[in-house]
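Before any comments, here is the structure.
The values are calculated or read from the model by the stated rules, or taken from the named source; none is laboratory data. A quick note: this is a predicted structure, and the numbers were derived from the prediction, not measured. Neighbour counts run over all protein chains shown; Cβ positions are idealised from the backbone, glycine included. Accessible surface is based on the protein model in full, side chains and every heavy atom, while ligands, DNA and RNA are left aside. Shrake-Rupley method; radii C 1.70, N 1.55, O 1.52, S 1.80 Å.
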Amino acid sequence: MKKHSNSAKQCESSPRVSVLQDSREVMSELVAKLAKQLDGERLPVAELQDEARNAARPNLNGLTVGVDLGDQWSSYCILDLSGETLAEGQFATRREEIREFFQGLAISRVVIEVGTHSAWVQEVIAGLGHEVLVANPRMMEGSKRRRRKNDRIDAGKLARLGRVDPKSLYPIRHRSSQVRADLLVLRARDALVASRTELINTVRALVKTMGARLCSCSSEAFSKKAEMEIPTEFRETLQPLMRLIARLNDEIKSYDQKIEQLASKKYKHTQLLRQVTGVGPITALAYVLTLETSLRFANSRDVGPYLGLVPKQEDSGDSQPQLGISKAGDQMLRKLLVGSAQYILGPFGPDTDLRRFGMKLCERGGKNAKKRAVVAVARKLAVLLHRLWVSGEVYVPLGHASFARTAQAVAA
């Protein structure tokens, strides 16, 4: 009778269980669809963890190939299953030559160093079925202490580390080809802005050498305002430079339009980041494209070190020197975040938690108090943007202040 009653209870509870399971499956599908709409195509956390775990395993059951990439020629070293050198040589750093070389090779683990060509080389080799590890030379130890260094030795070292100790390579994962293509728009604009700044500084310096001085104005207005202030006898000489500056202004505006279109149509989740005053379409798009996926970091605080906004460490025993920031990661995004932090702390910055945090650091005084405050706000801004991206929350500029007032009201 007890068995019969237990089976009856199971029969009665099974419809509820199936209904709960169906509802959970429906909710999980809805969440997955929303995540795809919000973040586009992104790798799940489990897949990222499996990829990192497999890359950390020694390769004792297959060939290992170390490749030292060069601009024109690349050196390679092939190790067999026992770790002995099978072959060494060179091939041209061209798509056709690389594809031809690795097509005739058994499935292997290929180790290359990150650099100018590493992204597309990884795609070509991985497309042929090989496992590719991209080593981070900045994190690897011992590269500066060797007395003998050449491409052949470097290829052999990469192969041996990739075979027995792949963790020491600190392998990285390159962005997708589509993301890299969209990043070209931002990097091209950044190059134009740098060229315009250099030309403007050159014109100002040349005018100063002749005893004159140009007024202060924005870069966009320089070609019109400064042209009339250049002395007449030198105006014809400097006219070509002024035309170049005007042309660069037009090209930069066209890039700004392309960036706005990318941010509003293709990467709509940049709107979450642009809730923060001081973060425009350029900074938001650069942030999203550089990180590529919000799942790259399990903790938002890890974004600061990734972008080089934390101090370097060279502690030894009781010696703990205070050093500058590491400046690791993408230089363009770090510069944009610092620019946003300068606006937040500037005269036109609104009253926010970020601004109050930075102003407190400025009040401490000291020679570099303002610079340290700007870097600290930039780091907090990087963490905040990642949190907004992951959670999709509405940004509250004075969240800490409102929380403090609520706590005081409850206590009263």
Of all chymotrypsin sites (Phe, Trp or Tyr not before Pro) in region 265-367, the ones in DSSP coil with at most 12 other Cβ atoms within 10 Å are PHE348
Using a Förster distance of 25 Å, the FRET efficiency for ASP250-ARG180 (Cβ separation, nearest 0.05): 0.45
So for the pair LYS312, GLU97, with labels modelled 7 Å out along Cα→Cβ, what separation do we get in nm? 3.6 nm
With no solvent and one point on each alpha carbon, what is the Debye value of log10 I(q)/I(0) for region 247-327 at q = 0.17, 0.22, 0.25 Å⁻¹? -0.82, -1.06, -1.18
Area projected by the alpha carbon convex hull of region 199-299, averaged over all directions, nm²: 8.8 nm²
If you scale each eigenvalue of the Cα gyration tensor by 5 and take the root, what three semi-axes come out for region 211-269, rounded to whole angstrom and sorted largest first? 34, 11, 6
In this structure, the FRET efficiency calculated for ALA191 and ARG148 from their beta-carbon separation, with R0 = 22 Å, to the nearest 0.05, is 0.05
Between GLU88 and ALA106, what is the spin-label point distance in nm, taking each point 7 Å from the Cα along the Cα→C-beta axis? 2.2 nm
Full extension between GLN239 and GLU198 adds, at 0.36 nm per residue less the Cα distance, a length in nm of 13.2 nm
What whole-number value in cubic angstrom gives the convex hull volume per residue for the C-alpha atoms of region 157-244? 183 Å³
Which whole-number value in Å² is the accessible area per residue of region 266-334, probe 1.4 Å? 49 Å²
ALA212 versus ALA369, label points 7 Å from Cα toward the beta carbon: distance in nm? 4.2 nm
Over the Cα atoms, compute the radius of gyration (one decimal) and Dmax (the largest Cα-Cα distance, rounded to a whole number) for region 278-365, in Å. 15.2, 46
Debye, to nearest 20: dipole size of region 66-175, +1 on Lys, Arg Cβ, -1 on Asp, Glu Cβ: 580 debye
Formal net charge of residues neighbouring GLN322 (Cβ-Cβ distance under 12 Å; K, R +1; D, E -1): 0
FRET efficiency for VAL390 and LYS327, using Cβ-Cβ distance with R0 set to 30 Å, rounded to 0.05: 0.75
